[in-house]
1. Quick check: Cα centre of segment 7-81 to Cα centre of segment 187-208, how many Å?
2. Mind checking the full-extension length gain between ASP239 and THR26? Use 0.36 nm per residue of separation minus the Cα-Cα distance, one decimal, nm.
3. Once the Cβ-Cβ distance between PHE152 and ALA47 is put in as r, and R0 is 30 Å, what FRET efficiency do you end up with, to the nearest 0.05?
4. Among ALA48, CYS240, ASN225, flag the residue with its Cα farthest along the positive direction of the charge dipole of the chain, charges on Cβ as +1 for Lys/Arg and -1 for Asp/Glu.
5. Could you work out what % of the accessible surface of segment 112-163 is carbon and sulfur, using a 1.4 angstrom probe and leaving DNA, RNA and ligands out of the count?
6. Cross-link partners among lysines for LYS185, C-alpha distance below 17 Å, same-chain residues fewer than 8 apart left out?
7. Give me the accessible area per residue for segment 2-232, probe 1.4 Å, as a whole number in Å².
8. Based only on Cα atoms, what mean projected area does the convex hull of the chain have, in nm²?
Amino acid sequence: MEELERYKRQLLLDEIGEEGQNLLKTKSCLVVGAGGLGSPALFYLAAAGVGTIGIIDGDEVEITNLNRQILHKTRDIGVAKSKSAKEKLLELNPYINVCEYNFFLDKENGDEIIKKYDVIIDACDNFETKFLINELCIRNNKAFIHGGIYNFKGQLTTIIPGKTLCLKCLFEDVPKEVLQDDKRKGVIGAIAGVIGSMQALEAIKYLLKIGDLLSGYMLEVNGLNMKIRKIKLPGPNKDCPICS
Ligand SMILES: [Zn+2]
């Protein structure tokens, strides 16, 4: 009873209700990266009562993470991010299962882990891993929510295999500016909060089959001038080496 009581304010929503809440408890979401995007995404998935949450991250908490990675506290410096994250999520909601993978997603471990989850959130900070998530999700027919941030800007889209274009259709290669410009590493924490929260919202909608997803659209948020654009994306590229 106490368990349902905590969800009272979302049980009031016609789109969720007790039925949706019970459904959410049976669902699972893997978050790749327990950093800037992963922090808000994981907090909101846990708070909403997504039954099983996976966290994969091989990094340890560093002091320079703390301006945006709000799962981790000053006392966690040097602790594995997956461990620190799991601890915070269970403090917030002890009624969920949290699976911790204290290593990086790679070609060898990827399929086995991704297969276990209903939806994936790309909350990592490098294109190599983003392309790997894309490849694994397309191969295993899993929807994933791509998110990215730099400086004051962020973007997200929901990729559904067989329906929308994939990340490789969208970016043939690592965007040049990512490689060239070290200034792109600068980031304000609140933009990670905005995009990561939206990723959690997309995942919850996907799991409950409610609302309209950002599939086939890219949402671009510029936090410096508060311009938000929703851009229609083309369909899958017929020559894409990953999804065609
Ligand atoms: Zn593709």
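The values are calculated or read from the model by the stated rules, or taken from the named source; none is laboratory data. Since this is a predicted model, take the numbers as computed values, not measurements. Positions of Cβ are backbone-derived with ideal geometry, glycine not excepted, and every protein chain shown enters the neighbour counts. SASA here: full protein model, heavy atoms, side chains in, ligands and nucleic acids out. Shrake-Rupley method; radii C 1.70, N 1.55, O 1.52, S 1.80 Å.
1. 10
2. That works out to 73.0 nm of additional length.
3. Plugging the Cβ-Cβ distance into 1/(1 + (r/R0)^6) gives 0.70.
4. ASN225
5. So the carbon and sulfur contribution to the accessible surface is 45 percent.
6. Filter leaves LYS130, LYS153, LYS176.
7. 50
8. Quarter of the Cα hull surface area: 13.1 nm².
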